[in-house]
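Notes follow once the structure below has been shown.
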Amino acid sequence: MEHDIWGRRSLAEGQLEYMSIGDLHLWIKYRNEEVWISHAYKDELTRKPASDEPPKQVEWARWAHKNSSAEVTVSPVYPDKPLVVHSEFNLKVSPETRIQIFTRIPIWIRISLANNNYQLIELPAVKLSRTWFGTFTEGELCYHASTKARRDLSHVDKKSYLVSCPIRIVNKSEEELTFSNFCFRVERLSMYLHDNELWADETEIIYQGEDLHSEVIMTGKLPDGITKKQLLTKPRKKVHKSLATRTFKRFFKDTVLVDR
Amino acid sequence: MDLFNIYSYLSEETVRQIIRVLLIIVISIPVLLLLRGWARRFFTKKYASHYGMLAGKVVFYTGIILMIITVMGQLGISLAPLLAGAGIVGVALGFASQTSVSNIISGLFLIAEQPFKVDDIINVSGTIGIVMSIDVLSVKLRTFDNMFVRIPNETIIKTQVINLTRFPIRRFNAKVSVAYKEDIEKVREILMEVAEKNQYSLSEPEPQIIFEAFGTSSIDLDFRIWAPVDEWIFLKNTIQEEIKKRFDEEGIEIPFPHVSFYTGEASKPLPIELIQKTESTLSDNDQ
């Protein structure tokens, strides 16, 4: 089972550890007081790789550390940039309406030394394309993802490389909010393991109108049945109670019109 | 008179004055250099290398002016007559060093207007390079083939300067030509797939394909793809290779310039008939 990969792993001298999650294949070994890691993605390989030996085209990376240890920790983490999540179908939220949706996003895998948490490598489980969120003169680099913006996840297939994120959208404006895409800032979310599935704590986005920044609140509320004890990964950044940020609106004009 | 006694030539007070002046210079210059380094590092770390460079210059030149005033005070030179004379000297110097003064003033405008900063990549009349420093008289560039270029500030003020890295994203326009027989809809699909799979291209702003023209030998398309500004060169390098590879795989023809002759009826090629060689022609050729 793929979910078994999380946690501490002891590496025997010269012995190869193989793990696969999403599109990522990983090989780890401990040799001459060094940790060796190699990886490959599904689209880079012509056939399914062998677990006891990485394909020849895959290169190894080596780490030598002052407190050399043969134990590593493998943990799931959120992507290192925000995600611009596109909804497959537009969802219109009426004024003064509060809804909850779920979006599932691909995780990253972090490998660190177990004795001091020294981070060796972080790799995405699935390669995501990048996108720009903002204007031509300012903005931020994000990953591009799509969502079905489901209201209920109970009948959805479990996928170990996806983390389910509950999002509460509150339309406090007097206009209809068309939920087609939004910038999901995942760096302040924690990750929990429940029933072999990865879950995030709740994010609340308060939409206040097209010309105003939306308020994003990390409520810390956990989905039903999940407790704080099931915490697997802490947030990448320190949790602030809320932040006002551009979340729904992007400013790209049709470049065909403006650039003849 | 003792030839080797310094007090035979200078009074004791003058010697003390010289020692004081030397001490001021010897102590203040290393201190100023240290302060300049500290200011440069602090502002570079906190803001950007451009502000580090500016802070370093402000600290150093302010310190030098203060040092000169102190030294003059020690030597008993009053500033008032100097300042009064500065007007007349200034006019004379101004005429003598018009170019230098123009460069200094242009430098001040460059610092105030900020058309570019240290570490930006600029194009000045075809010279492309990374800005190393914006100095009193000139801007220093390092070109990509590692040459040092000094451009006078006045030249920069007078010429068009293109800042290639001012904005965070940049577009690459790939000129793609395909044969007239190709299905343009299919070509569009392939190009969009190539952009989607390229690791440097951005999903948004969306790639665009503009039907540029019915060319002499091909249909010309303008394929526009966006990338983060620091990855633009990688996008340029990879996407054209990927287009060629995909076109080869899909059998899409990239035509070379050619001319077709018709015999009057559109789309019908010029008929060519192969005539078998006769014995007489053979013998003619053999001769």
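Here, each number is a calculation from the coordinates, and none is a lab measurement. Everything numeric in this text was worked out from a predicted model, so none of it was measured. Here the Cβ is made from the backbone with ideal geometry for all residues, glycine too, and neighbour counts use every protein chain on show.
Using the Cβ atoms and a cut-off under 13 Å, what net charge is assigned to the surroundings of B:Leu35, where Lys and Arg are +1 and Asp and Glu are -1?
Net of charged neighbours comes to +4.
For region A:163-225, DSSP calls about 55 percent of its internal beta bridges antiparallel.
Length available on full extension from B:Arg150 to B:Ala48: 0.36 nm per residue minus the Cα-Cα distance, which gives 34.5 nm. Going by the alpha-carbon gyration tensor, a ≥ b ≥ c the square roots of its eigenvalues, is region A:64-194 rounded (a/c under 1.5) or, if a/c is not under 1.5, prolate (a/b greater than b/c) versus oblate? Prolate shape, in that a/c is at least 1.5 and a/b is the bigger ratio. Helix B:79-96 and the longest principal axis of the C-alpha atoms of chain B enclose an angle of approximately 30°.
When the pairs A:Lys48/A:Lys158; B:Lys117/B:Lys140; A:Lys81/A:Lys228; B:Lys57/B:Lys140 are compared against a 20 Å limit on Cα-Cα distance, A:Lys48/A:Lys158; A:Lys81/A:Lys228 fall above it.
To the nearest ten degrees, helix B:232-250 and the longest principal axis of the Cα atoms of chain B are 10 degrees apart. Per-residue mean of foreign Cβ neighbours for B:198-209 is 5 (Cβ atoms of other chains, 10 Å radius).
With K and R counted +1 and D and E -1, the other residues having a Cβ less than 9 Å from that of A:Arg168 yield a net charge of 0. Here the Karplus relation 6.51 cos²θ - 1.76 cosθ + 1.60, evaluated at θ = phi - 60°, turns the backbone of region B:108-125 into coupling constants of 5, 5, 4, 5, 6, 7, 6, x, 8, 10, 4, 5, 6, 9, 10, 10, 10, 6 Hz, with x for every Gly and Pro. Assuming R0 = 45 Å, can you tell me the calculated FRET efficiency for the pair A:Asn67 and B:Leu34, based on Cβ-Cβ distance, to the nearest 0.05? Calculated transfer efficiency: 0.75. The packing ranking, built from the mean of other Cβ atoms within 10 Å per residue, places the peptides B:88-97, B:47-56 in the order B:47-56, B:88-97, highest first. Oblate is the label for the protein assembly as shown. Its Cα gyration tensor axes, ordered a ≥ b ≥ c, give a/c of at least 1.5 and b/c at or above a/b. Adding -39500 (n - 2.57) for every DSSP H run of four residues or longer, then dividing by how many residues chain A holds, sets the calculated 222 nm ellipticity at 0 deg cm²/dmol.
Relative to one another, the C-alpha centroids of region B:65-111 and region B:202-219 are positioned 58 Å apart. Inter-chain Cβ neighbour count for B:77-86, averaged per residue, equals 0 (cutoff 10 Å, partner chain atoms only).
Under 1.5 on a/c is rounded, so check that first for chain B, then, if it is not, pick prolate when a/b is larger than b/c and oblate when it is not; a ≥ b ≥ c are the square roots of the alpha carbon gyration tensor eigenvalues. It is prolate, given that a/c is not under 1.5 and a/b is the larger ratio. Nearest 10 degrees is fine. How inclined is helix B:184-197 to the longest principal axis of chain B, computing both from alpha carbons? Its long axis makes an angle of about 40 degrees. Given A:Lys42/A:Lys234; A:Lys148/A:Lys238; A:Lys66/A:Lys238; A:Lys29/A:Lys237; A:Lys237/B:Lys45, which pairs have Cα atoms separated by over 23 Å? Pairs exceeding the cut-off: A:Lys42/A:Lys234; A:Lys148/A:Lys238; A:Lys66/A:Lys238; A:Lys29/A:Lys237. The calculated FRET efficiency for A:Lys238 paired with B:Glu273, based on their beta-carbon distance and R0 = 56 Å, is about 0.10. For the pair region B:21-39 / region B:121-183, the C-alpha centres are spaced 37 Å from each other.
Inter-chain neighbour count for A:121-129: the average number of beta-carbon atoms from partner chains within 10 Å of each residue's beta-carbon is 1. Sorting B:72-82, B:36-46 by their mean Cβ neighbour count within 10 Å, with the most densely packed peptide first, gives B:36-46, B:72-82.
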